Amino acid sequence: MDASSSAPALSAVVPDDTVRSLDGAIQSVWRIKLAGLTLAAFLPALFYDLTHLFSPDAWLPFGVLSGTVLGLGLLYVLVWPRLRYRAWGFALRPEELYMAHGVLNYVRTVVPLRRIQHVDVSQDLIEREYALGRLVVHTAGSRSSDVVIPGLPLGEAERIRDEIKRFILEDPLTEDPV
Amino acid sequence: MPASSSPASDPDASAGPENADAPDATDAPPDAESAGTEASGTAVDSASAPASSVTLGAVQEPQRLHPLTLVLRVGASLPALVVILLPTLQNPSSENLVSVILSVVYGLVALPAIVLQYLRFSYRITPKQIVIQKGVIRRQNRSIPVERIQNIQTQQNLVARLLGLAKVTVETAGSSATEGSLEYVSLSDAHEIRQAVRSFQHRTTEGAPADADTDDAPGESLFAMDLPRVLLSGAFRFSLLYIALIFSAVQLIDPAVIGNVVQRAVHPGGRLDQIAEAMGAHPVLTLLGTLLIAGVLGWISGIAIHLARYYSFSLWLDGDKLRKRHGLFTVTEGTIPLGKVQALILRTNPLMRVFGWYELEVQTIGMDVNEQGHRVIAPFAQYEDILALAQQVRSFDLPETFGSVSRLTIRRRFFRYTLALSALLGSGVYAWPADWWHLGGVALPWWGFGLVPFILVWAVLQYRNHGYAVRDDGLYIRRGVISHYLWILPTEKFHVFHTTATLFQRRLNLKTLFVDTAGAATFAYPEVIDLPAVEADAQMDRLYRRFQTLYRTRIEEASGAPDTRLGIEDRPRLPVSKNEA
């Protein structure tokens, strides 16, 4: 993978530093969310199939449409979270937050800690069930100014948030952040 | 260097007593107004520049907006009244009593609301903040710290200009919209407000008294455009937007009305009539005629827009700030602190490029909706002048040669555009009626595939126009054929670093490098598209390393020691051991 080939250059600052993966439980969270999405696509398809069950000019035999949606959806639910999980990696380094993620669009991002405006830890209902937190990092950047690391154990997310906060507050440079 | 902007650092000897005095001075006026004004005057007098004491006294107590604001607001609310009364106006009869009653109710509600709003709105400017109190039902008390203010802009539209009023908007970093807006104050008040805030900012940032620059004393003039230059600049730009607006407006009007107008404009048998008839004779001629008219309209509207926006454009340097003023009907005046310039952008289009004309923009944080976070510094100037001007805004070292991206980008772009064209033409062929225009026995859309060679040329042009250079002082990127950009991103202002690879880029082992800077969203981003993957990652690391080194050096210079936060014990890291335990 690309990350492994170029990671050493970045981690030269801290030799023992490694790119970490998310908490495995995030896969279940993603699965539940994708299942909901699949259901949202499946129900209209099923409705369409049912309403056209007895129509004489049906262009598809019964169940083809809803079956396809369901099949693809299930595949999506089963495979996608795993791929996404495997693609995700991040590291909190002395001066930056590094992350690499994306299945189709592979993205490597370096956020210098001094550029962070503020940090949140957020949690939705499903994530709360699994005691996971999402680290949301806000920068003043012009595009994708919010960077999100999903699926961290809540305690760890809060610890990272506090570390970043401390780093920013102890900045010896008193000039404006931007 | 801004030394004491952070509350954490010790206040300077000169700033200390002044900051302590200031609240007393501002608290005084409610007790005894005339005495308070004097007190505030003397307090500031003793602390700093006597020249600014007059301005301070004038704005430190709560101020109302200019009374004429009432007139303007009532005027602005009239269109709503017309809409309510529209049925009555069209058809005056007793049946439309409802709308008359509605308008009376409207008057009873809206007019007192305007007056109340006016009465309940007050602003005041203290050495530390601008305080705006407003709201009739829900009181809002907003204070904007002076050191956070990025920009104070005054704007005058035509009516305001006739009445000698101005709208003052205050922008800060970190908020996506204008944070405070004073609509309207008298022009002299507007100048005083800006003057006062500026002198306060000078004092908080430098701990030294503000240089007594009298208002409107032109600093070093950097750039100005006279009328011919503005017209010339407009002539180089088409404004397709306004054509679209005109056409959509035409759609709304009853065709019979247009017919009448055209009939009246075109005398039967006249030359215009003949031309129109000749054009209607053949579809190709009609098409060409339409394009010609659209082109001329776009050209004229381009000139008109430019004239309205940039009439008597002038830019001058005022201490560490750029100030500019321009506009025909609406005169806009704004300030850009040099330190807040995030990136320099040189823009041009092919026509301008042939004659060596360029436009200079800077990226700032305070968001200006009209300019998409980009401020035009010089709308139109020759390349050398633009470069010299840009150097004055921020010094840089433009590289002689730019590195190019991978040649595979031509292939990628060619495939992408051809696919898009095929999708378009394919659906066109599918939907093409049999009795419509057929050329050579096939439906017209098929002929669209004749454009494929041009796509190739286009892709090659895009490749040729795309280049980048990584330098010690920053990243230089140029890109674009129709609107050609040159971005100059200083290392100091780098924000977030990305490399991305889409599914298709990964197949060709390519990546896109993007270094974000602070600012608002725009149309075009300084991306280096389709670099070889290894190079993209290496360049990102290199850029980040430069950024890191720059700030480490700065910290060492400021504190006299390496960054303590990076010590083995103190540096941020994940508590791996605790987590695993």
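Counting only residues that are free of Cβ contacts under 8 Å to residues at least 60 places away in the same chain and more than 16 Å from A:LEU22 (Cα to Cα), region A:110-128 holds 9 of them.
Residue under question is A:LEU72, and the condition is that it be outside any loop (DSSP other than H, G, I, E, B), more than 14 Å from chain B (Cβ to nearest Cβ) and surrounded by fewer than 20 Cβ atoms within 10 Å (Cβ to Cβ); does it hold? For A:LEU72, the condition - outside any loop (DSSP other than H, G, I, E, B), more than 14 Å from chain B (Cβ to nearest Cβ) and surrounded by fewer than 20 Cβ atoms within 10 Å (Cβ to Cβ) - is met. Considering (1) touching a His at 6+ places or on another chain (Cβ under 6 Å); (2) surrounded by fewer than 16 Cβ atoms within 10 Å (Cβ to Cβ); (3) at the interface with chain B (Cβ under 10 Å from one of its Cβ atoms), the lone condition that A:LYS165 does not fulfil carries the number (1).
Residues in region B:498-535 that are in contact with a helix residue (DSSP H, G or I) (Cβ under 8 Å, 6 or more places away or on another chain) and within 22 Å of B:ASP397 (Cα to Cα): 5 in all.
Considering only residues in region A:158-178 that are of a type in the set (A, V, I, L, M) and more than 19 Å from B:GLU556 (Cα to Cα), the one that is modelled with the lowest pLDDT turns out to be A:VAL178. The strands (runs of 3 or more DSSP E) found wholly in region B:297-387 and carrying at least 2 residues that are of a type outside the set (S, T, N, Q), surrounded by fewer than 20 Cβ atoms within 10 Å (Cβ to Cβ) and more than 19 Å from the chain's Cα centre (by Cα) occupy B:314-318.
Against the criterion of being among the aliphatic types (A, V, I, L, M) and outside the structural domain of B:GLY480 (by TED's automatic domain parsing), B:LEU351 qualifies.
Starting from residues that are farther than 29 Å from B:GLN201 by Cβ and of a type outside the set (D, E, K, R), keep the ones in region B:119-143 and report whichever is surrounded by the fewest Cβ atoms within 10 Å (Cβ to Cβ). Walk me through how you get there before you give the answer.
Filtering region B:119-143 down to residues farther than 29 Å from B:GLN201 by Cβ leaves B:119, B:136-138.
From the residues that got through so far, the ones that are of a type outside the set (D, E, K, R) too are B:119, B:136-137.
Working: B:LEU119: 12, B:VAL136: 14, B:ILE137: 7.
Ranking the candidates gives B:ILE137 first.
Of all positions in region B:225-241, none carries a residue that is at pLDDT below 70 and either among the β-branched types (Val, Ile, Thr) or more than 25 Å from the chain's Cα centre (by Cα) (or both).
Against the conditions (1) farther than 30 Å from B:ARG375 by Cα; (2) more than 9 Å from every other protein chain (Cβ to nearest Cβ), where does B:VAL534 fall short? Just the number, please. Evaluating B:VAL534 over (1) farther than 30 Å from B:ARG375 by Cα; (2) more than 9 Å from every other protein chain (Cβ to nearest Cβ) leaves (2) as the failure.
For A:SER21, the conditions (1) crowded, with 18+ Cβ neighbours inside 10 Å; (2) under 13 Å from the mean Cα position of the chain (by Cα); (3) among the small types (Gly, Ala, Ser) are fulfilled apart from (1). State which residue is farthest from B:TYR476 (Cα to Cα) when the search covers only region B:496-524 and only residues that are surrounded by fewer than 18 Cβ atoms within 10 Å (Cβ to Cβ) and at the interface with another protein chain (Cβ under 8 Å from one of its Cβ atoms). Here the answer is B:LEU503.
The values are calculated or read from the model by the stated rules, or taken from the named source; none is laboratory data. As the structure is a prediction and not an experimental result, all values here were calculated from the model. Here Cβ is always computed from backbone atoms with ideal geometry, including for glycine, and neighbour counts include all displayed protein chains.
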